[in-house]
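Presented below is the structure to which this report refers.
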Amino acid sequence: MVASFGPVALAAVIATVFGLLPLAISALLAPRRPNVVKNSPYECGVETIGPTNVQFKSHFYLYALIFVIFDVEALFLFPWAVTYTQLGLYALIEVGIFIGLLLVGYAYAWRKGALEWV
């Protein structure tokens with residue numbers, strides 16, 4: 001049983017090496033000359049006016065996440081809708097469960113106040 005995982009372990013080692021090798025090579029070969037001009041922040045090639053750090057509210061991240069969830073839901077529902085007549089009752093029940101789970105998540109986000117615009 002353990003011998004059958006040999007190719008998987010080999011692929012994991014190769015993937016790790018291919019990921020870490022370029023990082024190690026760039027750390028060895030990259031020049032270490034910090035330059036004040038290159039390290040200064042800029043906006044479209046123009047020196048910044050005022051503070052360069054902007055505070056970003058985390059609520060916008062939640063809105064984006066919920067949008068992505070419902071976008072993926074639409075992506076999964078489209079093939080089902082195209083072949084609806086061929087799938088039968090079992091597929092209708094599965095889609096009902098899928099939409100139900102997403103509605104439970106939506107209700108949870110609404111109840112926690114994640115959707116309130118502040």
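The numbers here are math on the coordinates, done by the rules we state, and not lab data. Quick caveat: nothing in here was measured; it's all calculated off a predicted structure. With ideal geometry, Cβ positions are generated from the backbone for all residues, glycine too; neighbour counts draw on all protein chains shown.
Toward the positive end of the charge dipole of the chain, with +1 on the Cβ of Lys and Arg and -1 on the Cβ of Asp and Glu, the farthest Cα among G105, V13, L65 is that of V13.
For the chain, the longest principal axis of the alpha carbon atoms and the long axis of helix 58-82 meet at an angle near 40°. Among V95, V17, sorting on how many other beta-carbon atoms sit within 10 Å of each Cβ, with the fewest leading, yields V17, V95.
The angle separating the long axis of helix 6-29 from the principal Cα axis of greatest extent in the chain is about 30 degrees. Roughly how many whole Å is it from the C-alpha centroid of segment 5-19 to that of segment 45-118? Here the answer is 34 Å between Cα centres. Helix 89-112: angle to the longest alpha-carbon principal axis of the chain, degrees 0 to 90, nearest 10? Roughly 50 degrees, rounded to the nearest 10. In the chain, the ratio of gyration radius to Kirkwood radius, Rg to Rh, stands at 1.19 when only Cα atoms are counted.
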